[in-house]
DNA sequence: GCCTGTAGACCGACGCGTCGGTCTGTTCGC
DNA sequence: GCGAACAGACCGACGCGTCGGTCTACAGGC
């Protein structure tokens, strides 16, 4: 009699959402399963019904977030012509998403790093996944002759790091992210030798 | 009769050293005070005699490491003439230090980020400290006319992030750091519009 | 020289809160 | 009435920090 509904918004969803909030707020180690349960307004039983452990939710959450961002980036890229334009579009999407969903960004960029050696692999995997995406397009830009031949693997990593840091600091300072977009874009493009435009 | 010596190497030193090892190996949350005590071959009592908490040692350790790196960078910078040469020297020092003391680098770059919101401030502080150092020299390079006028605050942050990421990935992959130095330096210099060199 | 008294470095067993995870229900759709 | 989806009381390990105690060094009275 007490409980009702929760069929249209499955319990699992509520749990994931709550997990996102709680992890974003308190960090992985700071968050307790009880916190997540309380925030989701479900129960410990429900939690362990859908997830095998705290680590399990976190990893699934991470994966979901990565997929969302990747999908957004791919969509933005698809709508542009020319390798450099694609790169710029991707950059804009990432900054927009980070700007609108700070908590999400916190989890992906900071919390994912905050797990100690045990999780190191999945964190590196995430970064590599994004780096690979960037590298792919940089390689195409090289092939198209838009930019000179260079070490695109290092370049892609450097970009990830630069974006990460600028976003993180800007989030922490409460500054406007889009404000940082322009100088950052200019820097990144210059860094691969595509500064002045054709 | 059992205990001996340890007069030339004070207990506190042993504890800090042990803390460095343990934190580097298991991460902040993975490390226990008992681990540190065991590794230092002292005692729980000694630990709490010198430090007020686990967090306390960690913060002191961080500070010590930051000072070491800063000192090394400043020294390298002092020996160079010209703003750009200074920047290059600083970059080389950072990569060298990271290369030689991977565990140290792990703590500063990875573990310091792995602490959750409570420690966020000190982590951001560390990055800001390095960023400020870089920005100072970039500003001088601008003043000298070596590079064009630009947003050096964003540039400094982007550099920190780029270096951080490249080093971290290289450390994780077991790759040679100095190998990444050349392309990274080229990128960073290009990014501020100082590509060709005089 | 020796003994007593004191300070403070150091020891390590244990208390106690915390938190992941389990287990016994209870409800509800079929 | 059976099983899946939940509820929530409970368990047990783990780890931080404490706290009563020891041991060494040294000062000072005799």
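Derivation of every value follows stated rules applied to the coordinates shown; laboratory data play no part. All of these numbers come straight from a predicted model, not from anything done at the bench. Note that each Cβ is placed from the backbone with ideal geometry, even for glycine, and that neighbours are counted across all protein chains shown.
From the Kirkwood radius over Cα pairs of chain B, Stokes-Einstein at 4 °C and 1.567 mPa s returns a whole-number translational diffusion coefficient of 70 µm²/s.
First measure r as the distance between the Cβ atoms of residue A:96 and residue B:17, then evaluate 1/(1 + (r/R0)^6) with R0 = 45 Å and state the FRET efficiency to the nearest 0.05. The pair residue A:96/residue B:17 has a calculated efficiency of 0.45.
A label point on residue A:139, set 7 Å along the Cα-to-Cβ line, lies at 4.2 nm from each of its counterparts in the other copies, closest listed first. The calculated FRET efficiency for the pair residue B:176 and residue A:44, based on their C-beta separation and a Förster distance of 45 Å, comes to about 0.40.
Extents of the protein assembly as shown, taken as max minus min of Cα coordinates on every principal axis and listed largest first, are 71, 64, 34 Å.
Over the protein assembly as shown, DSSP H runs of length four or greater, each weighted -39,500 (n - 2.57), average out per residue to a 222 nm ellipticity of -24500 deg cm²/dmol.
Put in order of Cβ neighbour count within 10 Å, fewest first, the listed residues B:22, B:167 become B:22, B:167.
In what order do A:109, A:15 fall by count of nearby beta-carbon atoms within 10 Å, going from fewest to most? Please report the intermediate quantities before stating the final value.
On the way: A:109 20, A:15 24.
Fewest-to-most Cβ neighbours within 10 Å comes out as A:109, A:15.
The ranking of A:86, A:54 from fewest to most other beta carbons within 10 Å of each one's beta carbon is A:54, A:86.
For peptide B:21-29, the mean count of partner chain Cβ atoms within 10 Å of a residue's Cβ comes to 3. Spatial offset of region A:69-110 relative to region B:61-120 amounts to 30 Å, using the alpha carbon center of each.
Can you tell me the FRET efficiency between residue A:53 and residue A:143 if r is taken as the Cβ-Cβ distance and R0 is 41 Å, rounded to the nearest 0.05? The partial results should precede the final answer.
Details: r = 45 Å, r/R0 = 1.09.
Calculated transfer efficiency: 0.40.
Across the copies of the chain, residue B:53 has label points (7 Å from Cα along Cα→Cβ) spaced 2.7 nm apart, shortest distance listed first. Both radii come from the Cα set of region B:1-107: Rg as radius of gyration, Rh as Kirkwood radius; their ratio Rg/Rh reads 1.11.
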